[in-house]
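Right, one structure below, let's go through it.
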Amino acid sequence: MKSNFKYILGLILLILGIVACEDNDKNPINVFELEDSAAPYVRILLDETIVAKGDLANSTFSGTVDDPSDNVASWDLSVTLESGGVSTDTVPLATITEFPSDISIPYTDIASALGITVDDISGGDFIRFLGKSTGVDGTETTAENYSATVTGQPEQLQAFNFIVLVKCSPISGTTVPGTWVIDMQDLYGDGWDGAFVTFEIDGVTTDYTFTGGDAATFNVDVPEGTSSLVISYTSGAFEEEHVYTIETPNGEVLGPFGPNPSPCIN
């Protein structure tokens, strides 16, 4: 009986060994070695992720595109403009077929592709870029193929859904140091409905608003030696009610801005 058991056990092991050899001959995908199954992932390292509105006419969207797994045949880049929560149509912009590769597109060309000019792009707008990669095996990959933990993390350098922020340009041609005065009005008389004015002094931001009544005044002290002052407006509800002016330290009155104020005063 024992000899029969050993015979049967040996036969089973022999059959399993043959099957294993056949499976190895099929070159199965190894989840720990993704050489044969890696997605056609593309990374982009942007030179700048923020551009001032006043610099758009002379600035370029630029960066370096790479495929870390060396399995991408092409990468198609499209663009849309998001302004006030509304997006334009998405239009094709460029196709890259060699990796790594430098990309450089003037913002004037991007605006032209969108059917607008750079003058139509405001501070607070987002220029959103959408990428699609095609692998050497024909596999197509877009942002929908990746989780938010990938597309939402800048350190991933993902090239499938990313933005360039347009910010307001710094104040120029006027006295900067001293006390600036913001005079706000609400034409209905119930405050600014979530809207606010932002003073950015050398990169430090402070928001100013009021939540009731028909008017409010704020004094903003800009220190001597300030190198950059950016003033911007963020909309709320009932924009047709909001009006404001800004008085510079030398008595110059900027505005009035509104009703429906623009995001930038410069």
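The values are calculated or read from the model by the stated rules, or taken from the named source; none is laboratory data. Just so it is clear, the structure is predicted and the values come from calculations on it, not from any experiment. Glycine gets a Cβ as well: all are built from the backbone with ideal geometry, and neighbour counts include every protein chain shown. Surface accessibility is based on the protein's heavy atoms, side chains included, excluding ligands, DNA and RNA. Shrake-Rupley method; radii C 1.70, N 1.55, O 1.52, S 1.80 Å.
Just a few scattered comments:
- Whole-number percent relative contact order across the stretch 141-266, with pairs defined as alpha carbons under 8 Å at least 6 apart: 28
- Using the rule -39500 (n - 2.57) for each DSSP H run of four or more residues, divided by the residues of the chain, the 222 nm mean residue ellipticity is -4000 deg cm²/dmol.
- Modelled this way, with points 7 Å down the Cα-to-C-beta line, the labels at residue 139 and residue 87 are 2.5 nm from one another.
- For residue 262, neighbours were defined as the other residues whose beta-carbon sits under 15 Å from its Cβ, and their charges (Lys and Arg +1, Asp and Glu -1) total -3.
- Angle between the chain longest axis and helix 2-25 axis [Cα atoms, degrees, rounded to 10]: 50
- Rounded Å value of the spacing that divides the Cα centres of the stretch 184-258 and the stretch 75-141: 33
- Remark: relative contact order (the chain) = 16 percent; criterion is Cα-Cα distance under 8 angstrom and separation of 6 or more residues.
- Charge tally in the Cβ shell below 11 Å around residue 253, where Lys, Arg are +1 and Asp, Glu are -1, residue 253 excluded: -3
- At the residue level, residue 76 shows approximately 50 square angstrom of accessible surface with a 1.4 angstrom probe and all protein chains present.
- Distance-filtered residues of the stretch 152-189 - backbone nitrogen under 20 Å, label point 7 angstrom along residue 254 Cα→Cβ: 166-186
- The local environment of residue 83, defined by Cβ-Cβ distances under 15 Å, has a net charge of -3 under the rule Lys, Arg +1 and Asp, Glu -1.
- Theoretical FRET efficiency, 1/(1+(r/R0)^6), r = Cβ-Cβ of residue 45 and residue 181, R0 35 Å, to 0.05: 0.20
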